[in-house]
Amino acid sequence: MKGADLYCEVFKYFEQIGRLVFVPGCHASGRTFFIFVLPQGEEAESNPPRNRNAVEVYGVVGGNPGWTEWYGWKFNGPWQQDVKKIYDAKKAALADSEYRSKKTRDERESDALKRTLYLLSTYNAGDSPASTAK
């Protein structure tokens with residue numbers, strides 16, 4: 001859904017970081033995403049947090065919930081800067097991880113191709129003469 005996809009790419013699981021709780025999800029029409037601010041010193045009691053004084057600061061701000069909803073900030077404040085920092089750090093780590101995975105995969109494929117080409121380059125005509133075939 002509009003506004004949820006961006007965050008769901010980086011926040012793949014329910015997660016609490018400090019007083020912020022990130023809640024990705026999905027329903028039949030697409031992805032959902034919510035951010036809550038908890039009172040000082042509290043842990044999220046469930047997913048989504050049911051803490052009595054938790055405040056949903058990012059969530060559905062318009063549209064028809066479940067069909068055409070879109071997501072955005074319900075309240076502005078300093079948590080937005082922290083969310084941006086956390087998002088940027090997680091996105092950079094994810095990009096680095098994807099780069100390292102691709103590099104490793106490419107190196108394995110390159111090594112496999114080198115082994116294949118080497119093996120084929122050592123084959124000489126007559127290595128398998130017809131007279132020895134059974």
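All of the numbers you see were taken from the coordinates with simple rules; none came from a lab. Bear in mind that the values here come from a model prediction, so they are computed numbers and not experimental data. Heads up, the Cβs are rebuilt from the backbone with ideal geometry, glycines too, and the neighbour counts pull from every protein chain shown.
What tally of residues in the range 18-47 results from selecting those that are exposed (fewer than 14 other Cβ atoms within 10 Å of the Cβ) and closer than 14 Å to residue 86 by Cβ?
Here the count works out to 1.
Here's the yes/no breakdown for (1) more than 25 Å from the chain's Cα centre (by Cα); (2) closer than 18 Å to residue 11 by Cα:
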{"residue": "36", "(1), (2)": "no, yes"}
{"residue": "65", "(1), (2)": "no, no"}
{"residue": "81", "(1), (2)": "no, yes"}
{"residue": "91", "(1), (2)": "no, yes"}
{"residue": "98", "(1), (2)": "no, yes"}
{"residue": "102", "(1), (2)": "no, no"}
{"residue": "111", "(1), (2)": "yes, no"}
{"residue": "114", "(1), (2)": "yes, no"}
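Restricting attention to the range 17-24, does a residue exist that is assigned to a loop (DSSP other than H, G, I, E, B), free of Cβ contacts under 8 Å to residues at least 60 places away in the same chain and either out of contact with any strand residue (DSSP E or B) (no Cβ under 8 Å at 6 or more places or on another chain) or aliphatic (A, V, I, L, M) (or both)?
no
How many residues, within the range 48-92, are assigned to a loop (DSSP other than H, G, I, E, B), in contact with a Leu (Cβ under 8 Å, 6 or more places away or on another chain) and surrounded by 12 or more Cβ atoms within 10 Å (Cβ to Cβ)?
Of all residues in the range 48-92, those assigned to a loop (DSSP other than H, G, I, E, B) come to 48-54, 63-69, 74-78.
Next, from what is left, pick out any that are in contact with a Leu (Cβ under 8 Å, 6 or more places away or on another chain): 49, 51, 53-54.
Those still in the list that are surrounded by 12 or more Cβ atoms within 10 Å (Cβ to Cβ) too: 49, 51, 54.
Looking only at that region, the number is 3.
Give the range 30-47 a look and list any residue that's polar (S, T, N, Q), within 23 Å of residue 6 (Cα to Cα) and not in a strand (DSSP E or B), or say none.
Listed by number, the list holds a single entry, 47.
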